[in-house]
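S.K.: I have a structure here, written as structure tokens, and I will follow up with some questions on it.
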Amino acid sequence: MNPGDTLEPKSFTVTRADLVAYADASGDHNPIHQDEEVARSVGLPGVIAHGMYTLALVGRAVAEWTGGAEVVDLGAKFTSPVVVPAEGGAEVVVGGTVKSVADGLATLALEVTCEGRKVLGMPKAVVRA
Amino acid sequence: MPVDPSLVGREFPAPAPLTVTPERVGAFASAVGHPGQDVPPTFPIVLAFDAMQAFLDAEQIDLHRIVHGEQRFAYARPLVPGDELSATLTVTGLRQIGGADIIATTSEITDATGAVVCTGKATLVHSSATEAAR
């Protein structure tokens, strides 16, 4: 990896069934990720993906780009919800560039969108290069 | 009801340690589609979530009024099957914006020797008012 390299965008479809499976695997059974009525009752536009599910997709994209490089830092702000419809799914796209490579570490500057809208703020991953 | 400001500095341990078993990792990796055999980097959220739930239970905060605002992990080393992990959440900050509490937390995740393997920093947004739309 070299600074300026483009990381080929990865597209992931998120369905309600994915959110159920993620709730079981992670232990996060917050009903805003399952139940339309509860989600709307707290001011959300509908059922939303776990922020950590979207961040896990970032981790997945990083593993695919780097062939499973060791991750040293990973994080983001959950600035805009990924609304997941009851039928079909939401399309999350993870792309980015290699921002810098120094001291054996590569910093990836990422962009994560859903329906063309950024859903993560300052998503960043640092991997051992 | 706003969150009690005297919370800042208080610690909330996860009720039980978590053993990183191949089954547990496999279920998590499969749910997020993670490739390969490595432990997915977001796996420590399982334990950080337990610590957060202990905090919410202690403060009688409803989980459904919480939205995750930010999460960052720093890893001292990769997690491997066989690790026995413990987590302690510390409330590091609290502020109010438009009827919502913005709760800053740090969760330290340690192995059986007490060494820190991962530090998670999370912001939790607690909306006590139903009109707190995003």
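The values are calculated or read from the model by the stated rules, or taken from the named source; none is laboratory data. The model shown is predicted, which means the values in this text are computed figures rather than measured ones. Cβ coordinates were reconstructed from backbone atoms using ideal geometry, including for glycine residues, and neighbour counts include every protein chain displayed.
S.K.: Could you tell me which numbered condition A:Asp28 fails, if it satisfies all but one of (1) among the acidic types (Asp, Glu); (2) within 7 Å of chain B (Cβ to nearest Cβ); (3) farther than 20 Å from B:Val125 by Cβ?
M.R.: Just one mismatch for A:Asp28, condition (3).
S.K.: Looking only at region A:33-57, which residues are within 14 Å of A:Phe12 (Cβ to Cβ) and more than 8 Å from every other protein chain (Cβ to nearest Cβ)?
M.R.: A:Ala49, A:Thr54
S.K.: Among what's in region A:58-75 and is within 14 Å of the chain's Cα centre (by Cα) and more than 7 Å from chain B (Cβ to nearest Cβ), pick the residue that is farthest from A:Thr15 (Cα to Cα).
M.R.: Restricting to residues being within 14 Å of the chain's Cα centre (by Cα) and more than 7 Å from chain B (Cβ to nearest Cβ), the top hit is A:Val62.
S.K.: Take A:Ala106 and tell me if it is within 23 Å of B:Phe43 (Cβ to Cβ) and within 12 Å of another protein chain (Cβ to nearest Cβ).
M.R.: In short, no.
S.K.: Please work out which residue is surrounded by the fewest Cβ atoms within 10 Å (Cβ to Cβ), limiting yourself to region B:112-132 and to residues that are assigned to a loop (DSSP other than H, G, I, E, B) and of a type outside the set (Ser, Thr, Tyr).
M.R.: This residue is B:Gly114.
S.K.: Taking the condition of being loosely packed, with under 14 Cβ neighbours inside 10 Å and without any contact (Cβ under 8 Å) to a residue 60 or more places away in the chain, how many residues in region A:88-120 meet it?
M.R.: Going through region A:88-120 one residue at a time, the tally reaches 7.
S.K.: Here's something else I'd like to know. Go through region A:79-122 and count every residue that is farther than 18 Å from A:Arg60 by Cα and either assigned to a loop (DSSP other than H, G, I, E, B) or at pLDDT below 95 (or both).
M.R.: 13
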